[in-house]
1. Please determine whether any residue of segment 423-442 is over 22 Å from residue 532 (Cβ atoms), touching a residue at least 60 places away in the same chain (Cβ under 8 Å) and over 32 Å from the mean Cα position of the chain (by Cα).
2. Just one of the numbered conditions (1) at pLDDT 80 or above; (2) farther than 22 Å from residue 388 by Cβ; (3) open to solvent by 30 Å² or more (accessible area, probe 1.4 Å) is not true of residue 480; which one?
3. Consider only pairs whose beta carbons are under 7 Å apart and that are at least six residues apart or on different chains; among these, list those whose first residue lies in segment 47-70 and is free of Cβ contacts under 8 Å to residues at least 40 places away in the same chain and whose second residue is among the aromatic types (Phe, Trp, Tyr).
4. Quick check on segment 56-88: of everything there that is among the small types (Gly, Ala, Ser) and open to solvent by 70 Å² or more (accessible area, probe 1.4 Å), which residue is farthest from residue 26 (Cα to Cα)?
5. Between a residue in segment 109-136 that is under 20 Å from residue 195 (Cβ atoms) and of a type in the set (Ser, Thr, Tyr) and any residue that is assigned to a helix (DSSP H, G or I) and at pLDDT below 75, which pairs come within a Cβ distance under 6 Å, given they are 6 or more apart or on different chains?
6. Has segment 247-256 got any residue that is among the hydrophobic types (A, V, I, L, M, F, W, C), open to solvent by 50 Å² or more (accessible area, probe 1.4 Å), in contact (Cβ under 8 Å) with a residue 40 or more places away in the chain and within 30 Å of residue 130 (Cβ to Cβ)?
7. Under 7 Å by Cβ, and 6 or more places apart or on different chains, what pairs join a residue from segment 538-562 that is within 23 Å of residue 362 (Cβ to Cβ) with one that is in a helix (DSSP H, G or I) and at pLDDT 80 or above?
8. Which condition number in (1) modelled with pLDDT under 85; (2) open to solvent by less than 40 Å² (accessible area, probe 1.4 Å); (3) not β-branched (Val, Ile, Thr) is the one that residue 229 fails?
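The values are calculated or read from the model by the stated rules, or taken from the named source; none is laboratory data. Every value quoted in this text rests on a predicted model; they were computed, and no experiment measured them. Neighbour counts run over all protein chains shown; Cβ positions are idealised from the backbone, glycine included. Calculation scope for accessible area: heavy atoms of the full protein, side chains included, ligands and nucleic acids excluded. Shrake-Rupley method; radii C 1.70, N 1.55, O 1.52, S 1.80 Å.
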Amino acid sequence: MKKQTRRSGIIIMSSLIILLGSLAYVMLLAIINGSLGFLCAMGVTIFGAIGVAKAIGESIAMSYGLIIGLSITCGVLRGLLRYFEQYSNHYIAFKLLAVLRYKVFKALRRLCPAKLESKQKGSIIAMITSDIETLEVFYAHTISPICIAIIVSTIVILFVGFISSWYLALITIIGYISIGVCIPIISSKRLKECGVMYREQFSSFNAYFMDSLKGIKDIILNNAGYSRGKEINKRSALMLEQTKSIRSKSTKAFAITELIVSIFILLTIVTCILLLSFEKLSIGKMIISAVTIFGSFGPVIAISALPSNLTQTFASGDRVLNLLAEKPVVEKIENAVDFEYENLEVTNLSFCYNDTFKVLQDIKMNVKKGEIVGIIGKSGCGKSTLLKLLLRFWEKDLGEINYNGNDITCINTDNLLQNVTLVSQTTYLFDESIENNLLMANPNATAEDIENACKMASIHNFILTLPQGYKTKVGMLGDNLSAGEKQRIGLARAFLRGSELILLDEPTSNVDSINEGIILKALKEQKNKKGIILVSHRESTMAIADRIYHIDNGKMREVTYD
């Protein structure tokens, strides 16, 4: 797959802002509250400076009582407006986090199951958790500060220009641009590579660590703990190195920001003295202007500090936007043909991944309701791929897959999934009760339906021996159950689903001969009610098949056993 070009920061920001949608008015309220709040914070000291200017003889048409009252009012309003600003920002952030997770899940549902065939689950989990949470920084601590800095800076420049001197206003403009524009741009360029690498390494580490947790038993049994732990430490060290690099560059940027602020404060003082000496400015107005300018750098300093977080925010935002924009391998079919399964006919089917080696070539097979058809072949010969094509995980390259005479590309996707169920090699069980795990296949099923499905799968009697029967929790990753028990619960799911064609991918690969016999017996008993395609690399599994196909090097032929 071609690697996607990373979006620019401007495009990422604009795309994330567009996601605000109907919440834009709340963001506008946050910006107004933030701007007024900072102006009120400045007002406390500015009115103090006005009082001093009045005391030394400046002509000011306000009484001392009014000046003091306004100063106190500004202080009180600052607190209230700050509260509403933060409340609005975080309201938007948390609302949008929920919306983004919904959009990601919706995108995954649209892209699956093909998406999960080629992407590490740990990477997706990192996106759903860490990447989306990182975007809170953007919505709660980026949009408002930038807008507030622009609004406050503009008001201060106009205030200083009209009240005292446009020379001071010019110096203020240069200071704002240096601190709020130049430093962030330079810092962003320096931190961009580190931020992107950190997010990529974090995602990779998440996936690797997730795999390690899921495979902890095999790691221990194969005495691979040391090597696995060494690799985890190596990946942790790489992340730590990137973190140190980010912190170091961020600290330098902060130090430079403070230095430039000090320089412009010094320039402001020198300019005030010069204007005063040339009688271009009164001492009272000089005090008011100086206090106003000194207290106005807060918003632009906040902008200069953004790149350290924005680099990671942009990397996370880019990954999320990539997923939301990704096109599915197959589009969902709607407003087409519905059917009730009676027979399947596959003719001259060919398929390859990414235009490379052909996995399947000229496949021909048929399956009727009421029979078990076996497919046997070595691992990696294309058996599982064939089953997934029958469910349209991918688009076939050539040939036909016909259900009741209707090509698979003309059948409604939902209807296809109602008629055909795939039981994969590994049955995933959620950390819930057995009952809830089964209800996933049919939420409207009754207790009797569940029991009947489990009886068909020869797992009912075992479940009754458990402490809480069907209410027993299976444990994380189903660790409280054996591989054979999981397989039979997966089979019960398929029976509960009620599909007329069941695709079984290596249903006995993880079980012993006793459990294999139990599963095969359960399948044979359901033979007359459904169509079953049984895939395996074991010849013993084929004992219950009515007809058998053999796949070798991507080609299929029907075989008979005397």
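1. No: zero hits.
2. (1)
3. 51/64; 67/47; 70/47
4. Per the criteria, the residue is 59.
5. As it stands, the answer is 123/203; 123/207; 134/312, since those pairs meet every condition given.
6. Yes, because at least one residue in segment 247-256 is among the hydrophobic types (A, V, I, L, M, F, W, C), open to solvent by 50 Å² or more (accessible area, probe 1.4 Å), in contact (Cβ under 8 Å) with a residue 40 or more places away in the chain and within 30 Å of residue 130 (Cβ to Cβ).
7. As it stands, the answer is 548/542; 551/383, since those pairs meet every condition given.
8. Of everything listed in (1) modelled with pLDDT under 85; (2) open to solvent by less than 40 Å² (accessible area, probe 1.4 Å); (3) not β-branched (Val, Ile, Thr), residue 229 misses just condition (1).
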